[in-house]
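Peer 1: Handing you a structure now.
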Amino acid sequence: MLSLSSKLIALASRLQSPSRRLLLAAPLGLVLGLVLVAAFGVLADAMDWVPDKSIELAQQQYDEAAAQRLRLWREQLQQLSGESLERQLRGVNQFFNDQVPFVSDAQHWQQDDYWASPFESLGTHGGDCEDYVIAKYYSLVKLGVPVDRLRITYVKALQLNQAHMVLTYFPTPDAVPLVLDNLTDRILLASKRTDLAPVYSFNAEGMWLDKMKGQGILMGNPNKLDRWTDLRVRMNRQGMDL
Amino acid sequence: MTLRQQFSLLTSALVLALMTGSLLLTVSNGRAFFQQQLDARAYDAATALALSMSNLAEADEVSLQRQMDVLFDRGFFQRIELHMVSGRVLQRQADAALVHSAPTWFRRWLPLSTEPAEADVVAGWSRLGKVKVVSHTDFAYRDLWAMVRQETLWFVAVAMLALLALQGLLSWMLRPLARVEQQAQALCERRWQLQSDIPKTRELGSMVRAMNRTVSTLKRIFSEQSALAERLREEAFHDAVTGLLNRRGFDQRLEHLLSSGEGYRGVLMLLQLRDFARFNQQQGRQQGDELLQSVAQALVQWLPSEALCGRRTGADFVVFLPGSDQQSAQQRLTHCFEHLASGILNDRQNQVFHLGGVWLEGERGQLSQALSAADEALRHCQRNAQSDCYLDSGNGAKAASQPRSAGLWRQQLQQALEQRDIELLYLPVFTHPGAEQPLQLEVISRVKCGDDWLSGARFWPLAEQHQLASGFDLLIVEAVLEVMLKAMQQGDGLPCCINLSPSTICDEAACQRLLQRLASVPELCPLIAFEVPEFAIAHIELRLQQLATQLAEIGVQLGVDQVGSGRQAFSYLQRLPLNYVRLAGHLNRNCHAAADQRFYLQSMVQIAHSQALSVFAEGLEHEADVAVVREAGVDGLSGYFFSEPWQAPV
C-alpha cells in the first residue's frame, strides 16, 4: 500500500515537468486528491473481489473460522494488488497451498469430481487439485493478470499415476508456461516439471461464449454437466463474479 | 353494422390476435433454439478439432489442414480457421451451403448470429494456436423457414375453420332474433304471429317469450275492442227481439239512401199484425215475441241481401226493397204477401196482417214523406178486415217512365259499354273543413241507358244482374286512368278512389286485365285506391285477399266502404292487407244527438287506427255532425257539407 502511494506521488511529480507546469501548476491540490481517490479505489476493488456479503454468508453457512479465512484472503489480495507479476503469482500460489488442505472430492464432497469455488474451498477448509486451480485463477484475474495468459491444464501426475490439474501462465503466447501446482509451492517452468504429462489445456474464456455469459447466470439454470458454467453460477450466488 | 357482423369482427380479431401471437412466439422460440444449437455445435466442433490437433504426433501444416478439411467437408460449417501462434492462419470458408434456404427478408427479420467458437491447440506444454469454428446458418434457416411456413399454413387452416364454425354458430344463435324481427314486422302489418320454438339461450328465450306475450296481448285487445264495437252496433241499431234493424237504424239507413244524391228506386213496405196487443195479452209475452221472431225470420229468408228490413214498434215491420221499376215492385209486394200468408201467417194462425207499400223514385227525397206515404198505403189496405196488401204508386207523375224488359236492359247496357257512355263525377274527401286540396277524389259513375242517365245506385244492381259489372269496372278504371294521366302531364297528381264490384273481384280474368293495365302505368299506382263494400266481403274474402296482395305489390291502395252498416264481424280488418276504411254514411247522421252512436263511431275509429288504417267518413251534411266526427279522430271527410260531387276533377 505504501509503495503504491509513493509510486503515485512520483507519477504526479513527473506530470509537473516544466512543459506542463503552466497547465498543471494551479490544480496541484486536485491532483493530490485524485491520488488519494485512486489509492482508495484499489482498496475498494479488493472489497469487491471478496465482498462483505460473502464473508457474512460464510459465517452463517460455516463458522467464524471460515469467515476469518475469507478475510485473510481479502487482505492477501489487497497486499498483492499493484505488486509485480512475479510476486502476485507466488503470493497467490502460496496462499492457497497453505490455507487449503488437500482433501479428495470423494472424501470431501462425496462426489467423483466436484469443482468447488474459492468460497467453498476456504469455507470448508479443504479441496483437491481443481479447487486450487480455480481459486488461484480467480485471484489472479482479479489482480489484473490478462485472462489470455492463463490456461487451465489437464495433466497426468506421472509418479502418483493420477489425474491432476494445474494452472499455467504464458508470458507470451509461444512461450513455455510457468506451472502453479498444489503439489509444490515452487513455481517452475513446465519443461522442468518432468513429473507431469500435459493432456490438454483450455482457455476459460473460450468455454463461455460471450453472449451466453449473462444469460446462464441470470437464468440460474445452467447445464449441470458443464462444470465451468455450474461453477460460475454458484460463485455468482456467493457474491463473486468469475 | 349488424350484430352478427360485430360478433364476427370481434371474434375474428381475437382469433387473429391469438394465432399471430402464437406464431410469433413459436418463431422466436424456434430462433432461440436454433441459435443455441448452432453455438453448441460450433463449440463442440472447435473443442473436438482442437483436441484432435493437440494429439497429432507430427503437427505439420499439412496434417493440421487435413484435420480441418475432415470437419469442414461435413458441410455444416461456414468457416474453420487455425490461428497459429506464429501468426500463420490456415482456413476453409464457404459462403452458401444451400441454394434456397430462406428468403432474404426472412433472414433479415430473424438474424442468427454467428459468433466463432474458439479452442486452444497445444503441443505438449506449449501452445500451437487457436481454432475458430463458425457454424453455417443455412441449415438453421432452412428448418426455421419450413417451420414458419407449416405453422402459417396450419394457422390459416385453423383460422378459416374457426371463422366458418363461428359463422355457423352465430347464425344458429341469432336465428331467434331474426324470427322476433319477423314477428315485429308482422305485427306492423297486423298479423299476429307466435313463435312456438323458444330458444334455450336464456336472454333470447325471455325475449321471444316477451314478444309472444306482446303479440297475444295486442291480439286480445283487438278482439275485445272489436267485440265491444260489435255489441254497441247491435244495441244501437238493432232490435233486441228480432235482430232486425230497430227504428233508428232503419230510419238512418233509409234517410241516407234517400238523401245521398245518387238517386233511389224501390218500394217501401209496412207490415202490421192486427191486434197484436191482444195476442200478447191472451198468449203471453213470450208467445208474442216468438211470433215476431218467426215473422222476422220469414222476411229475412225471402228478402234479397240489398233490402233493408226493420221492426219499428210493436208488431210493425218495415222493408225497403230496391227495384228497377214499379211493375216488378207490384209483383214483389204480392209475392211477399203470399209468402207470409201461405207460411208463418197462414189461416190456421188466425192472425190477420196488412202489407202496404209505396213506390219511391227520385234523386233526393225526404224520409218523413216516404214513411207517411207508406203509412197511408197501409191504412188503405187495413180497410179490409182480412189480410191484404196494397201498393201505392207514389207521386204518380214520376211513374211515367216505361218499364223495360230484361232483354231491353241488357241490350241498352251492352250498348253503353260498347259506346263508353259513362260519365264520371268526383266527390272530394278533405282532411278538415277549409282544406284547399282534397285528400282523395271518390269517383262516382253514371251510365247512359237508352235515353236516361242511371245513377250508380240504380245501375250497379242491373249490371250485376246481367253479368256486365266487371266490364263496366274496367271501363271506368280505363276512363279514370286517362283523366289521371292527363292531370299528371299537367303536373297534378290526382289521388282517385274507384269502387270495384264484388263480381269483378271474383272474376280472375278481369282481375288479371286490371293488374296488367295498372302495371303499365306504375307512376299512377300510388295515387289509385280501390274499394269494395263491406257487405260483400264475407262472400269474396279469399279472392279479395289474393287481389289485395297483388295490388299491394304494385303500390295500389285498397279500402272498404260502407263499414259498420252490416253485421259483419270486424276481424276481416286484420286478415286483409287494407289501407283505409270508409265508415257508412248513416253512422254519422245525427250522431251529435246520440251518445251511444258517438261512442260506436269512436270505437270504430279506434279499431281501425289500432290496425294502422285510415278512417274516412262520408255523407256529412251538418256542421254538428262534422264536429263530432272530427272529434272521434276521423282522417278524411266528405259529403254535401263540404262539396257536391265535382263534374271535373280539378
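No lab work stands behind these numbers, since they all come straight from the coordinates. Please read all numbers here as calculations on a predicted model, not as lab measurements. All Cβ positions, even for glycine, are placed from backbone atoms using ideal geometry, and neighbour counts span all protein chains on display.
Peer 1: When B:C525, B:C591, B:C506 are ordered from fewest to most other Cβ atoms inside 10 Å of their Cβ, what list results?
Peer 2: So the residues, fewest neighbours to most, are B:C525, B:C506, B:C591.
Peer 1: Would you please give the residues with an amide H less than 5 Å from that of A:L196, counting only those at least 5 places away or on a separate chain, with H modeled from the backbone geometry?
Peer 2: Close amide H contacts, sequence-distant or interchain: A:L158.
Peer 1: Averaged over B:43-54, how many beta carbons belonging to a partner chain fall within 10 Å of each residue's beta carbon?
Peer 2: Mean shielding by partner chains, rounded to a whole number: 2.
Peer 1: Using a 10 Å cut-off on Cβ atoms, rank the peptides B:111-124, B:480-493 from the highest mean neighbour count down.
Peer 2: Answer by packing, highest mean first, reads B:111-124, B:480-493.
Peer 1: Another one. Other chains near A:151-158: what is the mean number of their Cβ atoms within 10 Å of each residue's Cβ?
Peer 2: Rounded to a whole number, the mean comes out at 1.
Peer 1: Please compute, for peptide B:121-133, the average count of beta-carbon atoms on other protein chains lying within 10 Å of each residue's beta-carbon.
Peer 2: 5
Peer 1: Further, regarding this structure: Leaving out same-chain residues fewer than 8 places away, which aspartates and glutamates sit with a Cα under 19 Å from that of B:K200?
Peer 2: Output for B:K200: B:E181.
Peer 1: Go through A:K156/A:K192; A:K156/B:K130; A:K53/A:K142; A:K156/B:K132 and tell me which ones have a Cα-Cα distance over 25 Å in this structure.
Peer 2: Among A:K156/A:K192; A:K156/B:K130; A:K53/A:K142; A:K156/B:K132, the Cα-Cα distance tops 25 Å for A:K156/B:K132.
Peer 1: Please enumerate, by chain and number, the aspartates and glutamates with C-alpha under 19 Å from the C-alpha of B:K448, excluding those fewer than 8 residues away in the same chain.
Peer 2: By straight Cα distance, B:K448 reaches B:E262, B:D325, B:E361, B:E363, B:E418, B:D421, B:E423, B:E464, B:D473, B:E478.
Peer 1: If you don't mind, another one. Report the one residue of B:L128, B:P103, B:F139 whose Cα lies farthest in the direction of the positive end of the charge dipole of region B:85-144 (charges on C-beta: Lys and Arg +1, Asp and Glu -1; origin at the Cα centre).
Peer 2: The residue sitting farthest along the positive end of the dipole is B:L128.
Peer 1: What list of ³J(HN,Hα) couplings, whole Hz, do you get for region B:619-625 from phi and the Karplus terms 6.51, -1.76, 1.60, once you set θ to phi - 60° and write x for glycine and proline?
Peer 2: Rounded to whole hertz, the list is x, 7, 10, 10, 4, 5, 5.
Peer 1: Apply the a/c threshold of 1.5 to the C-alpha gyration tensor of the protein assembly as shown and tell me whether it is rounded, prolate or oblate.
Peer 2: Note, shape of the protein assembly as shown comes out prolate.
Peer 1: Which whole-Hz couplings ³J(HN,Hα) result when phi for each residue of region B:223-229 is put into the Karplus expression 6.51 cos²θ - 1.76 cosθ + 1.60, θ = phi - 60°, listed in order with x for Gly and Pro?
Peer 2: Per residue, the Karplus-derived 3J(HN,Hα) values read 4, 4, 5, 4, 4, 4, 5 Hz.
Peer 1: Let me ask something else. Counting other beta carbons within 10 Å of each residue's own, what order do A:K192, B:K200, B:K132, B:K448 fall into, fewest first?
Peer 2: Ordered from fewest to most neighbouring Cβ atoms within 10 Å, A:K192, B:K200, B:K132, B:K448 come out as B:K200, A:K192, B:K448, B:K132.
Peer 1: Can I ask one more? When you count, for each residue, the other Cβ atoms within 10 Å and take the mean per peptide, how do B:633-646, A:117-130 rank with the highest first?
Peer 2: Result, highest mean Cβ count within 10 Å first: A:117-130, B:633-646.
Peer 1: Using the crude model of +1 on Lys and Arg Cβ and -1 on Asp and Glu Cβ, and no other charge, please compute the dipole size for the protein assembly as shown relative to its Cα centre, in debye to 20.
Peer 2: Here the protein assembly as shown has a charge dipole of around 2340 debye.
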